[in-house]
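Here's the structure we're looking at; comments come further down.
The values are calculated or read from the model by the stated rules, or taken from the named source; none is laboratory data. Just so it is clear, the model here is predicted, and its values are computed rather than measured. Backbone-built Cβ (ideal geometry, glycine too); neighbour counts: all protein chains shown. Heads up: the accessible areas ignore ligands, DNA and RNA and are worked out on the full protein's heavy atoms, side chains in. Shrake-Rupley method; radii C 1.70, N 1.55, O 1.52, S 1.80 Å.
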Amino acid sequence: MSPSQQQPRAETAVYTHGHHESVLRSHTWRTAANSAAYLLDALEPHWRILDVGCGPGTITADLAALVPRGHVTGIDRAPGVLEQARATAAGRGLDNVTFTTGDVFALDHPDDSFDVVHAHQVLQHVGDPVHALREMRRVCRPGGIVAVRDSDYAAMTWHPPVAGLDDWLGLYRRVARANGGEPDAGRLLKSWALRAGFTDVRAGAGTWCYSTPEERAWWSGLWADRTVASAYAERATQAGLADAGDLAAVAAAWREWGQAEDGWFVVLHGEALCRA
C-alpha cells in the first residue's frame, strides 16, 4: 500500500500531560534553539514547514522567523492551546504562519505538501508512532525532511539522589504506558523511522540540563505542580497507580531536589532527521 493509500487510524493513546498551567509553563519555554537545533542548519528561507503537535507555538514561531519567504503550519489536537499559539505569532509580527487543529494519523494535506514535517515531543504520546511517521512522510515532498525529537525518561539522570525522584520516574513511566504512550521514545526514533519506510535516517541526541538556582527552581516547581494538579495527576489516581499521598510525596521530593545547591538534572532526547 502506498503512503497516499493508507487508511486513517484512530488515536488509541491519551495525552498524559494535558494543558494545565504547569505543563504550558514548560512548553512555552521551548524554542527552536533549545529544542530543534538539530534541524536548523538544514532549513531554507523559502521552505514550507508543518509543525505537528505545536502546542503554544513558541517553536513554531521561531521556525516561521527562519523561513521568511516560506510558510509554517502548526497543528494540534487541542483547539484551546492554538489561541495561545496565534497570540505568540501575532505578538512577534509573523504573517507566514497559520494554526489549525489536526490529527497526525490523518493529516489534512495532499501528498508532498511540505519541505519539512517537524514533531517535538509528539511520538511518545501516540499509540502507533510508526503509522504517524508514515503519515508525516506522506505529506513531505521527496527529498524533504521529517524531523522528530522525543525525550527518553529512563535515560534521565540527576544529582543528588533524592529517593522520591526514583518514585516519580517509575510512576510517570507506568502512567504514560497505561495511557498508551511510550515514555522512552527517544531511543526508539531510529527504529520507528526505519519501520515506517525511511531509508535515510540520521539519528542523534540532545539534552536539556538544569543546574543553576533559577533553573532548578523552575524545573522542580513545574514538576511538583504537575504531579499534584495536572491531567497527569488525575490519570495516575484514576488508573489506581497512585493516591493523593503518593503524589504529594513525589511533589515534595521535587522541591527537595530543587533546593539542593549541587542539584543537576539532565533530560536526554533522541533526535532523527529522516529524508522522505
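Output the Kirkwood hydrodynamic radius of the chain, Cα pairs only, in Å rounded to one decimal.
Details: mean 1/r = 0.0523 Å⁻¹.
Taking every pair of different Cα atoms in the chain, averaging 1/r and inverting gives 19.1 Å.
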> Cα centroids of region 28-78 and region 194-238: how far apart, whole angstrom?
Replying inline: 19
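Hey, can you find the accessible area per residue of the chain for me, probe 1.4 Å, expressed in square angstrom?
Details: 11510 Å² over 276 residues.
Ligands and nucleic acids excluded, the result is 42 Å² per residue.
Excluding residue 46 itself, what net charge comes from residues whose Cβ is under 9 Å from its Cβ, given Lys and Arg +1 and Asp and Glu -1? Could the numbers behind the result be given before it?
Values: positive: 48, 69; negative: 44, 115.
Here the charged neighbours net out to 0.
Using only helices, what value at 222 nm comes out for the chain when you add -39,500 (n - 2.57) per DSSP H run of length 4 or more and divide by the total residues, to the nearest 500 deg cm²/dmol? Please report the intermediate quantities before stating the final value.
Numbers: 11 runs with 110 residues, N = 276.
Value at 222 nm, helices only, nearest 500: -11500 deg cm²/dmol.
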> Roughly speaking, to the nearest percent, how much of the chain's 1.4 Å accessible area is carbon and sulfur?
Replying inline: 50
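Within a Cβ distance under 15 Å of residue 88, other residues only, what is the Lys/Arg minus Asp/Glu net charge?
Values: positive: 25, 30, 86, 92; negative: 51, 62, 76, 83, 95.
My count for the surroundings of residue 88 gives -1.
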>> For a Förster distance of 45 Å, can you work out the FRET efficiency between the beta-carbons of residue 200 and residue 241, rounded to the nearest 0.05?
In response: 0.65
